[in-house]
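For reference, the structure is listed below as structure tokens.
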Amino acid sequence: MSDMFGKMMEMQEKMNAAQEGLEDETVTAEAGGGMVKVTANGNQKITGIEIDPEAVDPDDLELLEDLVIAGVNKALEDASEMAQEQMKESMGGMLPPGMDLSQLGPLNNGELRMASVE
């Protein structure tokens, strides 16, 4: 029993370390053929937006808004996938065969916590 508890504590420590590292990992998504670039970190926080000046048309702001929304959504999706992959890698052989962390859904504010065992 203590061996199982020890393994769970080890898994929790590895998960915490992996979560801390996600803040430094980034992905960049593009929309409109690169006219809008959005960067997000592994904690699913937007860290930058670049807009090509040619994308700014005062007569068609709706297009720019759509490009920003598309870029943000893609960056957050890519960041979520990256975070799940890194969490999976950090667990190495500790996860039971066939367990897929993506079944847990996106990380909640960059945090994936194990339920406490009582």
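How many residues does the stretch 33-56 hold that are among the acidic types (Asp, Glu) and modelled with pLDDT of 95 or more? Number of matching residues: 2. The residues on offer are 24, 66, and the sole one that is at pLDDT 85 or above and outside any helix (DSSP H, G or I) is 24. Under 6 Å between Cβ atoms, at least 6 apart or on separate chains: pull out the pairs that start in the stretch 19-40 with a residue that is closer than 17 Å to residue 87 by Cα and end on any residue that is acidic (Asp, Glu) and buried (at least 16 other Cβ atoms within 10 Å of the Cβ). From the stretch 19-40, the pairs are 27/78. Any residue at all in the stretch 92-113 that is basic (Lys, Arg), over 11 Å from the mean Cα position of the chain (by Cα) and either closer than 15 Å to residue 23 by Cα or at pLDDT 60 or above (or both)? Scanning the stretch 92-113, I find no residue that is basic (Lys, Arg), over 11 Å from the mean Cα position of the chain (by Cα) and either closer than 15 Å to residue 23 by Cα or at pLDDT 60 or above (or both), so the answer is no. Of all residues in the stretch 1-27, those satisfying the criterion of being within 13 Å of the chain's Cα centre (by Cα) and surrounded by 16 or more Cβ atoms within 10 Å (Cβ to Cβ) are 18, 19, 22, 26, 27.
State yes or no: is residue 6 part of a loop (DSSP other than H, G, I, E, B) and free of Cβ contacts under 8 Å to residues at least 40 places away in the same chain? Answer is no for this residue.
The values are calculated or read from the model by the stated rules, or taken from the named source; none is laboratory data. Because the structure is a prediction, the values reported are computed rather than measured. With ideal geometry, Cβ positions are generated from the backbone for all residues, glycine too; neighbour counts draw on all protein chains shown.
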